[in-house]
Structures are given as structure tokens and as C-alpha cells.
Amino acid sequence: MTVLTEPGVDAAASAPVLPAGPSQNARARRGAPSWAWLGLVPFAAYVILFLVVPTVLSVGSGFFTEDGTFTWGDVAALGDPVVVQTFANSAGLSLLTAVVGAIVGALVCYALLGMNPEGAVRSTVDAAAGVLAQFGGVMLAFAFIATIGIQGVVTVFLQDALGIDIYAGGTWLYELPGLVLPYIYFQIPLMVITFMPALAALKPQWAEANLTLGGTRASFWLRIGIPVLAPSFLASLLLLFANAFSSYATAAALASQGSQIVPLQIRTALTSETVLGRENLAGALALGMIAVVGVVMALSSLIQRRAARWQS
């Protein structure tokens with residue numbers, strides 16, 4: 001089709017003006033300065049101060065002496081039988097409390113599954129789990145000492161009323177076995193927080209399809225529910241392991257003497273008056289903890305990605 005224009009008028013000027021396309025709008029947006037990154041500044045500062053800087057300091061103190069000389073001595077000390085046993089104690093304690101917390105927490109989530117998400121019971125449990133998962137340190141240690149300590153309320157009642165002495169075999173609460181109960185105390189609510197969304201994401205249509213095909217409730221969980229929830233359960237289990245492995249304040253308040261687990265051994269290396277000149281060993285121990293927790297969290301992230309495929 002031929003377009004006629006008046007004499008002396010440029011054809012390009014007389015052409016109709018079309019609206020800008022998506023590519024033009026995108027180029028315009030790219031050209032304009034964006035200040036959205038400012039929202040990440042507080043989080044970035046938090047990560048740098050409480051994650052990056054401690055990691056760099058632990059690496060530096062583990063590989064370098066006080067005068068800046070590079071050394072393998074502190075890192076080689078991680079192979080010492082005492083240090084290896086301490087890591088084994090931490091891993092065993094973390095694995096035990098993570099497994100117990102994961103199983104009990106999953107059962108609590110299953111009990112809540114049939115309740116109204118907006119109901120009083122479900123809301124109360126969710127709120128309590130959010131609070132109790134963060135209830136640790138000196139407060140939790142004091143609660144256990146006041147309850148089942150040597151002169152605790154429950155201890156005295158069992159001894160006076162029933163003649164049961166829970167410390168007949170020794171004061172286990174202030175030793176490594178005594179850390180199991182306090183750790184489980186905050187592991188269960190953490191499992192409820194992390195695993196409940198995955199359990200709630202199970203689609204009712206899957207259960208209906210199972211019943212339509214002649215399945216039972218047991219076959220649904222064995223063939224559909226458990227295989228689908230397994231990645232989320234394992235990811236939560238690894239998170240609980242890392243949480244227990246890196247816990248310090250509760251153990252420090254209960255076990256004031258000795259260094260049965262790695263965080264307490266780091267404290268001993270930094271504050272002991274009998275073991276001098278081994279302050280850099282604390283950095284090597286911290287480096288070992290960072291390596292263990294890093295591997296665990298990397299596995300948890302990989303498993304969680306697999307679980308996110310069906311949850312989305």
C-alpha cells in the first residue's frame with residue numbers, strides 16, 4: 001500500500017506513533033538506576049559481621065600463629081584422639097537428639113494435620129513451637145536445674161514421695177547424658193516449624209485417587225505419603241543435627257566443668273588457665289565445626305530442592 005504525504009512533509013514524521021513494545025520498555029527500565037539493592041544492606045551487614053568475619057577469624061587463627069607465620073600444627077591437632085572423641089561426642093549427641101526430635105515432631109505434625117489451621121489448638125501449638133524452638137541457653141539450663149536438678153522440684157518429690165533417686169548412679173544432668181533432654185526440648189518444636197508446611201502441602205486429591213483405585217490409608221502412606229515426604233523429613237533432620245551440633249549456651253550452663261563436646265572444648269582452649277599457648281587450637285576446632293555444619297547444610301539444601309518440586 002502506498003502512503004501519500006503532502007509536499008515538504010517528511011514521511012517519517014507523518015507516520016503514526018506506535019506504543020512502545022516490551023523490549024523497549026525493558027531497555028528503558030535497564031537504563032534507569034535501581035535502588036532496590038538498598039533493601040539487602042541490613043541483611044548483608046548481618047551476614048558479614050556474624051558469619052563472614054567469624055569464619056575468616058577462625059581460619060586465620062587456625063592456620064596462622066600469633067606472629068603471622070603459617071602453620072599446620074593447629075589443624076593437625078584435629079587428629080588428636082581427644083579431639084576426635086570430642087567430635088564423636090558432639091556428632092552422637094546431635095544425631096540422637098535430631099532423630100528423637102524429628103520423630104516426635106513429625107508425630108505432632110501428623111496429629112495437627114486434621115485440625116483447622118485457623119483453630120485455637122493449631123494456632124496455639126504453632127505459636128508455642130515458635131517460642132520454644134528459641135528457648136535455650138542459660139534460661140533452659142536453669143529450668144532443668146530447677147526441675148530435675150539435684151535439689152529440683154521433681155527430684156525432691158520423687159525422692160520424698162516415691163523413694164526414687166534419679167541420681168543414684170551419678171549426677172548425669174551435669175554430664176554429657178544430661179544434655180540429651182534439654183536438646184530434645186528445643187529440637188521437637190523446631191521440627192514442628194520446619195516439617196509442618198511439607199505435611200500440610202499433601203494434596204487431598206492424592207488420597208481420593210488412592211481410595212478410588214482401591215487403596216487403603218496404609219497404602220496411601222506407604223506408597224505416596226512417606227515417599228513424597230521423605231526429602232522434607234531428611235532435610236529437617238539434617239537441620240536439627242546442625243542445630244544441635246552448633247549449640248553452646250545450654251551445654252555451657254549445664255556442664256560448667258569439662259569439655260565433652262566441641263563447643264565446650266573451644267571454650268576450654270580460649271579460657272583455660274592450665275592449657276596455655278593453645279589459643280589458636282580454638283580456631284582449628286571452629287574450622288572443623290564449620291566444615292561439618294557446611295556439609296550438613298549443603299546436603300539439606302540439595303534435598304530441600306528436590307522436595308520443593310512437588311510442594312510448588
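The values are calculated or read from the model by the stated rules, or taken from the named source; none is laboratory data. Given the structure is predicted, the values throughout are model-derived calculations rather than measurements. Heads up, the Cβs are rebuilt from the backbone with ideal geometry, glycines too, and the neighbour counts pull from every protein chain shown.
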Determine if region 217-227 includes at least one residue that is of a type in the set (Val, Ile, Thr) and part of a helix (DSSP H, G or I).
yes
Can you name every residue in region 249-262 that is crowded, with 18+ Cβ neighbours inside 10 Å, out of contact with any Ser or Thr (no Cβ under 7 Å at 6 or more places or on another chain) and either at pLDDT 90 or above or part of a helix (DSSP H, G or I) (or both)?
Thr250, Ala251, Ala253, Leu254
Taking region 218-248 and keeping residues among the aromatic types (Phe, Trp, Tyr) and either under 21 Å from Leu179 (Cβ atoms) or modelled with pLDDT of 90 or more (or both) leaves Phe233, Phe241, Phe245, Tyr248
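Please find, within region 63-72, the residue that is nearest to Val293 (Cα to Cα) out of those that are surrounded by 11 or more Cβ atoms within 10 Å (Cβ to Cβ) and at pLDDT 70 or above. Walk me through how you get there before you give the answer.
Residues of region 63-72 that are surrounded by 11 or more Cβ atoms within 10 Å (Cβ to Cβ), as a first pass: 63-65, 71.
If we keep only those that are at pLDDT 70 or above too, we end up with 63-64, 71.
Values: Phe63: 19, Phe64: 23, Thr71: 24 Å.
Among those residues, the one meeting the criterion is Phe63.
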Given (1) surrounded by fewer than 13 Cβ atoms within 10 Å (Cβ to Cβ); (2) modelled with pLDDT of 90 or more; (3) of a type in the set (A, V, I, L, M), where does Ala102 come up short, assuming only one miss?
(1)
Quick check on Leu199: is it under 25 Å from Ile103 (Cβ atoms), part of a helix (DSSP H, G or I) and touching a Ser or Thr at 6+ places or on another chain (Cβ under 7 Å)?
no
Spot the failing condition for Ala88; the list is (1) surrounded by 18 or more Cβ atoms within 10 Å (Cβ to Cβ); (2) among the aliphatic types (A, V, I, L, M); (3) within 19 Å of Gly258 (Cβ to Cβ), and only one is missed.
(1)
Considering every residue within region 136-151, establish whether at least one is at pLDDT below 90, at positive phi and surrounded by 15 or more Cβ atoms within 10 Å (Cβ to Cβ).
yes
